[in-house]
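The values are calculated or read from the model by the stated rules, or taken from the named source; none is laboratory data. Nothing here was measured: the structure is a model prediction, and the numbers come from that model. Positions of Cβ are backbone-derived with ideal geometry, glycine not excepted, and every protein chain shown enters the neighbour counts. Heads up: the accessible areas ignore ligands, DNA and RNA and are worked out on the full protein's heavy atoms, side chains in. Shrake-Rupley method; radii C 1.70, N 1.55, O 1.52, S 1.80 Å.
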Amino acid sequence: MKELLARIKEEALAKIAESDAPDKLNEVRINYLGKKGELTSVLKGMKDVSPEERPKVGQMVNDTREAIETALENARIELERKLREVSMKKEVIDVTLPAKKMQMGHRHPNTIVMEEVERIFVGMGYEVVEGPEVETDYYNFEALNIPADHPAKDEQDTFYVNGDILLRTQTSGTQVHDMEKGKLPIRMIAPGRVFRSDEVDATHSPSFHQIEGLVIDKHITFADLKGTLAEFAREMFGEDTKVRFRPHHFNFTEPSAEADVSCFKCGGSGCRFCKGTGWIEILGCGMVHPNVLRMSKIDPDEYSGFAFGLGLERIALLKYEIDDMRLLYENDVRFLNQF
Ligand code: DAH
């Protein structure tokens with residue numbers, strides 16, 4: 001009996017030592033201590049043991065059970081510790097790894113400039129309006145004092161949808177739309193896309209953007225136009241920026257002018273940027289022609305106004321020193337990421 005118990009104990013302890021998973025330990029428990037386990041069957045054989053021997057043998061069986069139970073418990077603790085260690089190693093977080101960077105989108109240089117122009121004019125009490133990109137000949141030309149046979153139309157030879165409908169060549173038609181609403185006075189700017197059948201090169205594109213401006217009220221003079229554009233130039237290009245006006249011709253304004261700003265790179269002394277002249281042309285402008293007012297049912301004897309139109313891309317190219325307009329349209333993120 002003694003040998004039998006010693007063998008059972010030895011075997012059980014060896015199996016416990018071999019166990020590398022909680023399942024296996026459980027198996028050992030069932031095989032040795034369970035209802036049908038080896039130690040239990042020894043207990044069942046106690047009836048064959050002489051009464052004098054029984055307490056002794058009983059004690060031996062208990063000792064064996066205790067030894068196996070202790071070994072099982074120790075093995076379980078050790079096994080759990082090991083498993084925990086493995087999983088901790090697996091889940092370890094390297095806090096020195098650089099975090100994944102979020103790729104944030106941002107505004108296109110055209111949009112930045114457009115919002116800046118809008119901010120400046122809204123600050124002066126202007127309203128921002130929009131006009132249609134597909135326009136009738138009337139709004140794009142006729143109502144702007146450009147009759148059917150006028151050579152000014154040839155300059156804007158463009159994309160016609162049919163004989164009377166075209167993709168607008170200028171935002172100036174928004175002036176007419178706004179005047180026709182019949183609400184005076186008017187102080188508005190109208191940014192938007194325009195189209196011309198220009199070949200693509202560093203300074204031309206068949207589609208670009210303009211911002212139109214229109215003010216109509218009583219007693220509006222050229223002095224108001226000058227003051228407004230001078231203030232715009234200071235806010236847009238810097239406090240020391242000056243403006244100058246050169247006589248020009250536009251059908252829908254009289255008198256008409258082109259406006260230059262003093263070069264905001266060299267301050268006017270002459271550089272590569274302003275081609276040595278100290279001035280940079282930025283827009284066309286003038287006093288709204290009486291014919292234009294009349295066609296939109298505004299009495300030129302009572303009201304007067306000024307208008308201006310600037311090229312958005314031109315300003316963006318100047319502001320960011322971009323020397324090829326095509327870069328603005330290619331959507332190359334290496335380019336766009338710089339703004
Ligand atoms: N529409 C003109 C163009 O595309 C620009 C322009 C000039 C707009 C004078 C105006 C203006 O409102 O008064 O060249």
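Condition check ((1) open to solvent by 90 Å² or more (accessible area, probe 1.4 Å); (2) over 21 Å from Ala14 (Cβ atoms)) across all residues:
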| site | (1), (2) |
| --- | --- |
| Ser50 | no, yes |
| Gly58 | no, yes |
| Arg65 | no, no |
| Glu69 | no, no |
| Leu72 | no, no |
| Glu78 | no, no |
| Lys82 | yes, no |
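Go through Asp157, Asp94, Asp137, Asp149 for me and flag whichever is open to solvent by less than 30 Å² (accessible area, probe 1.4 Å) and over 22 Å from Phe308 (Cβ atoms). First the steps, then the outcome.
Working: Asp157 fails: open to solvent by less than 30 Å² (accessible area, probe 1.4 Å); Asp94 fails: open to solvent by less than 30 Å² (accessible area, probe 1.4 Å); Asp149 fails: open to solvent by less than 30 Å² (accessible area, probe 1.4 Å).
So the residue among Asp157, Asp94, Asp137, Asp149 that is open to solvent by less than 30 Å² (accessible area, probe 1.4 Å) and over 22 Å from Phe308 (Cβ atoms) is Asp137.
Enumerate the pairs (first residue in the range 112-135 and over 12 Å from Met236 (Cβ atoms); second residue anywhere and open to solvent by 40 Å² or more (accessible area, probe 1.4 Å) and assigned to a strand (DSSP E or B)) with beta-carbon separation below 7 Å, excluding pairs fewer than 6 apart on the same chain, so at least 6 apart or on different chains.
Partner pairs satisfying both residue conditions: Val122/Val128; Gly125/Arg187; Tyr126/Arg187; Glu127/Arg187; Glu133/Leu167; Glu133/Arg193; Val134/Ile165; Val134/Leu167.
Return the residue satisfying two criteria in turn: it lies in the range 17-38 and is among the aliphatic types (A, V, I, L, M) and out of contact with any Lys or Arg (no Cβ under 9 Å at 6 or more places or on another chain), and of such residues it is least open to solvent (accessible area, probe 1.4 Å).
In this case the residue turns out to be Ala21.
Which of (1) closer than 22 Å to Asp260 by Cα; (2) not in a strand (DSSP E or B) does Asp178 not meet, given it meets every other one?
Failing condition for Asp178: (1).
In the range 172-219, what residues are open to solvent by 40 Å² or more (accessible area, probe 1.4 Å) and hydrophobic (A, V, I, L, M, F, W, C)?
Answer for the range 172-219, where residues must be open to solvent by 40 Å² or more (accessible area, probe 1.4 Å) and hydrophobic (A, V, I, L, M, F, W, C): Leu184, Val200.
Going by the structure shown, is Asp164 open to solvent by 60 Å² or more (accessible area, probe 1.4 Å) and free of Cβ contacts under 8 Å to residues at least 24 places away in the same chain?
On the way: open to solvent by 60 Å² or more (accessible area, probe 1.4 Å): yes; free of Cβ contacts under 8 Å to residues at least 24 places away in the same chain: no.
No: the conditions fail for Asp164.
Yes/no per residue for (1) modelled with pLDDT under 90; (2) among the small types (Gly, Ala, Ser); (3) under 23 Å from Met1 (Cβ atoms):
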position: Pro22; (1), (2), (3): yes, no, no
position: Leu39; (1), (2), (3): yes, no, yes
position: Glu53; (1), (2), (3): yes, no, yes
position: Val61; (1), (2), (3): yes, no, yes
position: Asn74; (1), (2), (3): no, no, no
position: Leu79; (1), (2), (3): no, no, no
position: Glu85; (1), (2), (3): no, no, no
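Could you run through the range 254-269 and say how many residues are surrounded by 20 or more Cβ atoms within 10 Å (Cβ to Cβ) and near the ligand (Cβ under 10 Å from one of its atoms)? Full working, then the answer.
Filtering the range 254-269 down to residues surrounded by 20 or more Cβ atoms within 10 Å (Cβ to Cβ) leaves 257, 259-263.
Retained after the next criterion (residues that are near the ligand (Cβ under 10 Å from one of its atoms)): 257, 259.
Counting residues in the range 254-269 that are surrounded by 20 or more Cβ atoms within 10 Å (Cβ to Cβ) and near the ligand (Cβ under 10 Å from one of its atoms) gives 2.
Ala202: more than 21 Å from Val128 (Cα to Cα) and either within 15 Å of the ligand (Cβ to nearest atom) or not hydroxyl-bearing (Ser, Thr, Tyr) (or both), yes or no?
Working: more than 21 Å from Val128 (Cα to Cα): yes; either within 15 Å of the ligand (Cβ to nearest atom) or not hydroxyl-bearing (Ser, Thr, Tyr) (or both): yes.
Considered against the rule, which asks whether it is more than 21 Å from Val128 (Cα to Cα) and either within 15 Å of the ligand (Cβ to nearest atom) or not hydroxyl-bearing (Ser, Thr, Tyr) (or both), Ala202 comes out as yes.
Quick one: what pairs do we get from the range 278-300, first residue without any contact (Cβ under 8 Å) to a residue 60 or more places away in the chain, second of a type in the set (Phe, Trp, Tyr) and within 14 Å of the ligand (Cβ to nearest atom), C-beta under 7 Å, 6+ apart or different chains?
These pairs meet every condition: Leu283/Phe308; Gly284/Phe250; Gly284/Phe308.
Need the failing condition index for Arg234 against (1) outside any helix (DSSP H, G or I); (2) away from the ligand (no atom under 16 Å from the Cβ); (3) not small (Gly, Ala, Ser), just the number.
Evaluating Arg234 over (1) outside any helix (DSSP H, G or I); (2) away from the ligand (no atom under 16 Å from the Cβ); (3) not small (Gly, Ala, Ser) leaves (1) as the failure.
Please verify whether Glu235 is open to solvent by 50 Å² or more (accessible area, probe 1.4 Å) and more than 21 Å from Leu144 (Cβ to Cβ), treating the condition exactly as stated.
Numbers: open to solvent by 50 Å² or more (accessible area, probe 1.4 Å): yes; more than 21 Å from Leu144 (Cβ to Cβ): yes.
The answer is yes for Glu235.
What single numbered condition from (1) in a strand (DSSP E or B); (2) open to solvent by 60 Å² or more (accessible area, probe 1.4 Å); (3) farther than 21 Å from Lys153 by Cβ fails to hold for Lys275?
So the condition that Lys275 fails would be (1).
Among the residues of the range 290-302, write down those that are open to solvent by 40 Å² or more (accessible area, probe 1.4 Å) and either part of a loop (DSSP other than H, G, I, E, B) or within 16 Å of the ligand (Cβ to nearest atom) (or both).
The initial filter retains those residues of the range 290-302 that are open to solvent by 40 Å² or more (accessible area, probe 1.4 Å), namely 290-291, 294-295, 297, 299, 301-302.
Of everything in the range 290-302, those that are open to solvent by 40 Å² or more (accessible area, probe 1.4 Å) and either part of a loop (DSSP other than H, G, I, E, B) or within 16 Å of the ligand (Cβ to nearest atom) (or both) turn out to be Pro290, Asn291, Met295, Lys297, Asp299, Asp301, Glu302.
For the range 111-132, indicate whether the set of residues that are of a type in the set (A, V, I, L, M), within 16 Å of the ligand (Cβ to nearest atom) and in contact with a Ser or Thr (Cβ under 7 Å, 6 or more places away or on another chain) is non-empty.
yes
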